[in-house]
Ligand code: PMP
């Protein structure tokens, strides 16, 4: 009963502890989770109505091609419908991309450290993993380029990068894309794209018209507040998307997810209000870290990687006892915590607890 060689050493994914479990274990009444970069303001009211409207059809399979959602997103982005693919979260788009394009022995390049699913799915497909250390917390594009060989299949760029929150700028990205061979796919993971306010951030959807080998990955789990419904998408050249579609399971997104996501992208007023509140909360956290003389990477998403100066497990546990779930366990950042920007009340509670802990 041996599984395939490429998965033998893989650990089973360990998510952070859910709020209810922490409450029970520590006997706490109030627990704040700032560990998974979720939206503290929930989702659009229009998305909630859309979910309710689907309940009557719950015995019927969803539309395999997510037609209504495809139209809504294509219209929003100004792309053709055949340039889009939807998945159960962008996690599944990453999986499908690896499944469609990576053969055993192919090489795939990613930053170290970055979102772990690029490595995980590439390893399952039997790829040789080339990890390139971050430089000052951001992607070292020249070093990544230097690793390209004729076996390279996919280069993964997480922008903003999880966990550091740093960005690759438009000018650097264009210079990089010009040098990447057209046979190599560049996956630009923009899970946190909507939170970015820096004008230097790339206009990646415009870039896919120019570079056939680029796929942009986005999600409804973050600013749109629909993490529970698992909807993400990829946008790229129709030929590239076509092959990803070939490995897609027939009903990989749900009726509820499709309907809620289409309503959510139609409610840009809610999106903008989340973006504004996130910017406010992010600035509040950064100002507090400045006051406490704690270094942090310049954040562009809805989270901040901050250096507490103490072993992160110790700070994590102490915060947990005060009812705050943060994220620790970074390979290269043993004294850092990643904290999600919450509501202002949550941010204030977190800073107060951190001050007590340090
Ligand atoms: N990419 C990045 C960089 C992420 O941080 C996450 C969520 N943690 C994802 C993709 C996957 O998100 P989802 O599957 O919920 O769309």
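A few comments on the model shown:
- Here residue 311 does not fit the description of being touching a strand residue (DSSP E or B) at 6+ places or on another chain (Cβ under 9 Å) and farther than 19 Å from residue 37 by Cβ.
Table: residues versus (1) at pLDDT 95 or above; (2) crowded, with 22+ Cβ neighbours inside 10 Å; (3) over 19 Å from the mean Cα position of the chain (by Cα); (4) under 23 Å from residue 198 (Cα atoms).
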residue: 227; (1), (2), (3), (4): yes, no, no, no
residue: 237; (1), (2), (3), (4): yes, no, yes, no
residue: 250; (1), (2), (3), (4): yes, no, yes, no
residue: 264; (1), (2), (3), (4): yes, yes, no, no
residue: 274; (1), (2), (3), (4): yes, yes, no, yes
residue: 301; (1), (2), (3), (4): yes, yes, no, yes
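- Scope segment 134-162; condition out of contact with any helix residue (DSSP H, G or I) (no Cβ under 9 Å at 6 or more places or on another chain) and part of a helix (DSSP H, G or I); matching residues: 143, 146
- Any chance residue 124 is away from the ligand (no atom under 12 Å from the Cβ), under 30 Å from residue 256 (Cα atoms) and either in contact (Cβ under 8 Å) with a residue 60 or more places away in the chain or within 17 Å of the chain's Cα centre (by Cα) (or both): yes
- Checked against the criterion of being under 19 Å from residue 211 (Cβ atoms), assigned to a helix (DSSP H, G or I) and more than 16 Å from the chain's Cα centre (by Cα), the candidates 173, 69 yield just one match: 173.
- When each of 49, 73, 22 is tested for being touching a strand residue (DSSP E or B) at 6+ places or on another chain (Cβ under 8 Å), surrounded by 12 or more Cβ atoms within 10 Å (Cβ to Cβ), farther than 19 Å from residue 251 by Cβ and touching a residue at least 60 places away in the same chain (Cβ under 8 Å), the lone residue that passes is 22.
- Single residue of segment 186-209 satisfying the filter (touching a residue at least 24 places away in the same chain (Cβ under 8 Å) and away from the ligand (no atom under 16 Å from the Cβ)) that is farthest from residue 231 (Cα to Cα): 200
The values are calculated or read from the model by the stated rules, or taken from the named source; none is laboratory data. What you see is a predicted model; the values in this text were computed from it and never measured. With ideal geometry, Cβ positions are generated from the backbone for all residues, glycine too; neighbour counts draw on all protein chains shown.
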